[in-house]
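**Student:** I have a structure I would like to understand better, so I am pasting it below and will then ask my questions one at a time.
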Amino acid sequence: MIEINAKLLRDQSAVFMCGEVVECLIDFIHPSLPEHKISQSNSDILENLAWATVQLHCYCNASMNDRTGNDVAASRNVGGTTSLNASNQLKGEVLQSTEPKILFCDLRLSPGEAKQFLYRETVPLNTPPTYRGIRVKYYYKITIATQRLGSSVQALNIPIRVLPLPLPQSDLDEAITLNDESNEDLAPNNPFLEKRRPPSRIEYALHYLRGVTARRRPNFFMITNKWGKVGRFCLFKSAYKLGEDIVATIDFSCGTVKCVQLSVTLQCEEIELKAPAPGAVVAKVGDETVATEAGASEPNSTQPNGVGSSELERKKCISRVTNYSKHHEVCLGMLQTQVILPIPLHVTPTFRTDLVEVSWRLHFQFVTSTNPELSSESLIDRSAENEDELEWVAPTDIAIETMIWSLPITIYPTAPLQIPQPCGEYKLHIK
């Protein structure tokens, strides 16, 4: 019997960013024979493994009926495909895999002997993050495959979580990131000091992440309906990291319409992306994309600024929403209130692939009323009539209106070491 033990060197957190190095210790152990057992031949003493390889696989499990097998196969990277894929009975298609690394060939272990190997691999940059959505799922596995003489191929899978690499999206963001560096480069050069090495891609991404999520630029939104002003909403920033709290304030003192109830929900929106049907004509009308087919027109969602012509050929179809943190409050009679929504560490930041687009938003529900019994003027009139005693009884029924509003926000990843996700030891017994 051969026992395979695998464990990540970073055991306190099995979370990595794209472009980061993954290190894994792999032990092949031949347990000692029981004392009462006497070996009859040399085959009872030595265990022989023909080969062993290690790969990092990215799997995509998409349950889309309109997604054909040819489209899935076209998006796969078959450069690192080996025969061990047949032994992995995992759900989904292999979206991308690294080149297989051979640990050994023809390994013989005597009872009580063990061999240890160190596997190092860089997570590819052009792969999606780990995401477990409703219709689309992306997940990563470190696959350790080996074969014993006379037996089938067996594999040991180690799951890891991958976060997207935050990089500047424009020249302005890159310039701000470079200007945030210290002024050590402006100091006179000292020939006796070692030159600083340039920052790595991961260090540069973390530096940009700290800068883009630390900027506080309050944004004010006046909330109104057809009856007048409801209040003023203040969001201190629009970019957040995983694990942060979304803090905002709402001022009702400037409103002319009473807000009876308030509900704010942090929502994740999953949008399936697909190409237009054959024969469809894609055009852009104002800020909307319209796909026309056989005389029918179908409006699409607003395209962001700077989107290329290839993006106009896509059509957003089904959108699914998942709720996370929620703030609910009865705010009748309040002048101000605050909203605090924590962002969970286990969710996936904002990203987009050929299959799906994942975005985040704050979903508001304002319950307003124009009932005259709730106005402050009626209370003033009653207090003037009887200054000694003032008793206000809430009305039994009031006419209300519900107003819905969604505010998009951007969620970035955080440093992998700040996400507590311990990785245990994985074992495989080959008999």
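The values are calculated or read from the model by the stated rules, or taken from the named source; none is laboratory data. Keep in mind it's a predicted model, so treat the numbers as computed, not measured. All Cβ positions, glycine included, derive from the backbone under ideal geometry; neighbour counts span all protein chains shown. Keep in mind that these areas ignore ligands, DNA and RNA; they rest on the heavy atoms of the full protein, side chains included. Shrake-Rupley method; radii C 1.70, N 1.55, O 1.52, S 1.80 Å.
**Student:** Tally Lys/Arg at +1 and Asp/Glu at -1 over every other residue whose Cβ is under 15 Å from the Cβ of residue 404; what's the total?
**Tutor:** Once all neighbours under 15 Å are counted, the net charge is +1.
**Student:** Right, another one. Counting Lys +1, Arg +1, Asp -1, Glu -1, what net charge surrounds residue 59 among other residues with beta carbon under 10 Å of its beta carbon?
**Tutor:** For residues surrounding residue 59, the net value is +2.
**Student:** Using 0.36 nm times the number of residues separating residue 340 and residue 249, minus their current alpha carbon distance, what extension gain do you get?
**Tutor:** Extra length available between residue 340 and residue 249 comes to 31.9 nm.
**Student:** While we're looking at this one, here's another question. Enumerate the amide H contacts of residue 318 below 5 Å, restricted to partners 5 or more residues apart or on another chain; note that Pro and chain-start residues carry no placed amide H.
**Tutor:** When sequence neighbours closer than 5 places are left aside, the close amide H contacts are 272.
**Student:** To the nearest 10 square angstrom, how much accessible area does residue 29 have with a 1.4 angstrom probe?
**Tutor:** Here the accessible area works out near 50 Å².
**Student:** Can you work out ³J(HN,Hα) from phi for every residue in the range 412-428, in order, using Karplus 6.51 cos²θ - 1.76 cosθ + 1.60 and θ = phi - 60°, giving whole Hz and x for Gly and Pro?
**Tutor:** Rounded to whole hertz, the list is 9, x, 10, 4, x, 6, 7, 9, x, 9, x, 10, x, 9, 9, 10, 9.
**Student:** Another question about this same structure. Taking H as built 1.01 Å from N, whose amide H comes closer than 5 Å to the amide H of residue 249, not counting residues under 5 places away?
**Tutor:** 234, 339
**Student:** Taking 60 Å as R0, compute the FRET efficiency from the Cβ-Cβ separation of residue 425 and residue 401 and round it to 0.05.
**Tutor:** 0.55
**Student:** Rank these by accessible area, largest first, 1.4 Å probe: 1, 17.
**Tutor:** Ranked list, largest accessible area first: 1, 17.
**Student:** Pull out a ≥ b ≥ c, the square roots of the eigenvalues of the alpha-carbon gyration tensor of the range 112-171, then state rounded if a/c is under 1.5, prolate if not and a/b is larger than b/c, and oblate in the remaining case.
**Tutor:** prolate
**Student:** Separate question: Karplus couplings for the range 325-342 from phi (6.51 cos²θ - 1.76 cosθ + 1.60, θ = phi - 60°), rounded to Hz, Gly and Pro as x?
**Tutor:** Each residue's phi maps through the Karplus curve to give 5, 9, 10, 10, 7, 8, 10, 5, x, 8, 8, 9, 8, 10, 10, 10, 10, x Hz.
**Student:** What accessible area, in Å² to the nearest ten, does a 1.4 Å probe give for residue 245?
**Tutor:** 80 Å²
**Student:** Please list 3J(HN,Hα) in residue order for the range 104-111, calculated via the Karplus relation 6.51 cos²θ - 1.76 cosθ + 1.60 where θ = phi - 60°; whole Hz, with x for glycine and proline.
**Tutor:** So the Karplus estimates, Gly and Pro as x, are 6, 9, 6, 9, 10, 10, 8, x Hz.
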